[in-house]
1. Looking only at region 18-37, count how many residues are hydrophobic (A, V, I, L, M, F, W, C), modelled with pLDDT of 80 or more and in a loop (DSSP other than H, G, I, E, B).
2. Can you name every residue in region 88-126 that is of a type in the set (A, V, I, L, M) and in a helix (DSSP H, G or I)?
3. Evaluate region 46-62: report whether one residue or more is in contact with a Pro (Cβ under 7 Å, 6 or more places away or on another chain), outside any loop (DSSP other than H, G, I, E, B), in contact (Cβ under 8 Å) with a residue 24 or more places away in the chain and within 25 Å of Thr97 (Cβ to Cβ).
4. Might you check whether a residue that is in a helix (DSSP H, G or I), in contact with an Asp or Glu (Cβ under 7 Å, 6 or more places away or on another chain) and of a type in the set (A, V, I, L, M) occurs anywhere in region 71-87?
Amino acid sequence: GSIASCGRAQLMIPLPEFPDSWGAPPESADGWGGDIIVLAGGYGYGRKELSSWILQEMQQDKVSRHVQYPPAFGEQPRMMTRDYVPLPFGYGHGSGTTRTWLVLKAKQFYGVSPEQYEAAEAVHEI
């Protein structure tokens, strides 16, 4: 009954909000089963299949030269340093300002760090 469904719902990790142009992730990326890992893009935690889908969408964004970040993070800082550094969570390279912003926002909204993502990536070969 209702108690079982309530307890079950609490175990589900809610999907984060993704850029509208990505559409919805495939059903196989959500739900029960599989290991819960730190997701690509700084989107928090979820299944490996979801992280793979996020990486595919991020790659398509890179190809179209329109990189998008998690909508929950708000607008990217306008003033950028002119350096070129590795960005966390699979974003490639960019400004040190963007790197700092991504690290802070991922921790603030989803409780994840680049180090956690890198460790998950090494273990699960995302």
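The values are calculated or read from the model by the stated rules, or taken from the named source; none is laboratory data. If you're wondering where the values come from, they're calculated on a predicted model, not measured in any experiment. Please note: Cβ atoms are built from the backbone with ideal geometry, for glycine as well, and neighbour counts cover all protein chains shown. All accessible areas refer to the heavy atoms of the entire protein, side chains included, with ligands and DNA or RNA removed. Shrake-Rupley method; radii C 1.70, N 1.55, O 1.52, S 1.80 Å.
1. Residues that pass the stated criteria total 2.
2. First, the residues of region 88-126 that are of a type in the set (A, V, I, L, M): 102-104, 106, 112, 119-120, 122-123, 126.
Passing the criteria: Leu102, Val103, Leu104, Ala106, Ala119, Ala120, Ala122, Val123.
3. The first filter runs over region 46-62 and keeps only residues in contact with a Pro (Cβ under 7 Å, 6 or more places away or on another chain), leaving 50, 53.
So of that shortlist, the ones also outside any loop (DSSP other than H, G, I, E, B) come out as 50, 53.
From what is left, the residues that are in contact (Cβ under 8 Å) with a residue 24 or more places away in the chain are 50, 53.
Now restrict to residues that are within 25 Å of Thr97 (Cβ to Cβ): none.
No, region 46-62 contains no residue that is in contact with a Pro (Cβ under 7 Å, 6 or more places away or on another chain), outside any loop (DSSP other than H, G, I, E, B), in contact (Cβ under 8 Å) with a residue 24 or more places away in the chain and within 25 Å of Thr97 (Cβ to Cβ).
4. So far as region 71-87 goes, yes, one or more of its residues are in a helix (DSSP H, G or I), in contact with an Asp or Glu (Cβ under 7 Å, 6 or more places away or on another chain) and of a type in the set (A, V, I, L, M).
A quick yes/no check of all residues on (1) open to solvent by 20 Å² or more (accessible area, probe 1.4 Å); (2) in contact with a helix residue (DSSP H, G or I) (Cβ under 7 Å, 6 or more places away or on another chain); (3) under 20 Å from Ala119 (Cα atoms):
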| position | (1), (2), (3) |
| --- | --- |
| Leu39 | no, yes, yes |
| Gly44 | no, yes, yes |
| Lys48 | yes, yes, yes |
| Gln56 | yes, no, yes |
| His66 | yes, no, no |
| Ala72 | yes, yes, no |
| Asp83 | yes, yes, no |
| Gly96 | no, no, no |
| Thr100 | yes, no, yes |
